[in-house]
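J.: Pasting a structure here, questions to come.
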Amino acid sequence: MDKFEAKLKEVIEMSEEDRNQTIKDLKDMCICGTCSTYNECSKNALEGLYCVLGKSQECITEFKGCECPNCELAQSLDVGKIFNIYCLKGNEMEQREKLHDLDVITGGE
Ligand code: SF4
Ligand code: SF4
């Protein structure tokens, strides 16, 4: 289990109250707000932390760059470089799963 999976497991196993607080704290560390892809709609919907929470519900439709590789939270969990653009492509685990499925189909080539 890598750092990201361990963090995810820790959050999932928390009480609902602790989980909500932790997600809020992690959202505060998210730098999506500095990204050109992030927009007024996502801001109003208090979106963020897409690497964990998954795609933007209906706000983000156009890609204009991604700051995830520069995110300290991502760097501390060793994510954001291989997979990113989480607001449009889905969270870290979804993107890993998709790659895994592709590997199964192509034999890893
Ligand atoms: S990796 Fe991207 S989505 Fe995740 S917290 Fe950092 S800026 Fe936000
Ligand atoms: S996930 Fe990446 S592309 Fe999307 S808003 Fe955050 S920094 Fe920008």
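J.: Which ones in the stretch 30-56 are surrounded by 21 or more Cβ atoms within 10 Å (Cβ to Cβ), farther than 14 Å from residue 73 by Cα and of a type in the set (Gly, Ala, Ser)?
T.: 42, 56
J.: Go through the stretch 39-56 residue by residue and tally those that are over 13 Å from the mean Cα position of the chain (by Cα) and either within 20 Å of residue 97 (Cα to Cα) or within 11 Å of ligand 2 (Cβ to nearest atom) (or both).
T.: 3
J.: Also, I was wondering about something else. Yes or no: the stretch 91-109 includes at least one residue that is of a type in the set (A, V, I, L, M, F, W, C), part of a loop (DSSP other than H, G, I, E, B) and without any contact (Cβ under 8 Å) to a residue 60 or more places away in the chain.
T.: Looking through the stretch 91-109, none of the residues is of a type in the set (A, V, I, L, M, F, W, C), part of a loop (DSSP other than H, G, I, E, B) and without any contact (Cβ under 8 Å) to a residue 60 or more places away in the chain.
J.: Here's something else I'd like to know. Considering each residue of the stretch 13-70, count those that are part of a helix (DSSP H, G or I), of a type in the set (A, V, I, L, M, F, W, C) and under 23 Å from residue 81 (Cα atoms), and give that number.
T.: 8
J.: Within the stretch 94-103, can one find any residue that is over 13 Å from the mean Cα position of the chain (by Cα) and over 21 Å from residue 1 (Cβ atoms)?
T.: yes
J.: Could you say which residue among 27, 81 is over 11 Å from the mean Cα position of the chain (by Cα), within 13 Å of ligand 2 (Cβ to nearest atom) and modelled with pLDDT of 95 or more?
T.: Going through 27, 81 in turn, the sole match is 81.
J.: So is residue 13 under 16 Å from residue 3 (Cα atoms) and over 13 Å from the mean Cα position of the chain (by Cα) or not?
T.: Yes; evaluated as a whole, the condition is true for this residue.
J.: Six or more apart or on different chains, Cβ atoms under 9 Å: show the pairs whose first residue is in the stretch 15-34 and hydroxyl-bearing (Ser, Thr, Tyr) and whose second is outside any helix (DSSP H, G or I).
T.: Note: pairs meeting the criteria are 22/14; 34/67.
The values are calculated or read from the model by the stated rules, or taken from the named source; none is laboratory data. Predicted model only: the values in this text are computed from it and were never measured. Note that we place each Cβ from the backbone using ideal geometry, even for glycine, and neighbour counts take in every protein chain shown.
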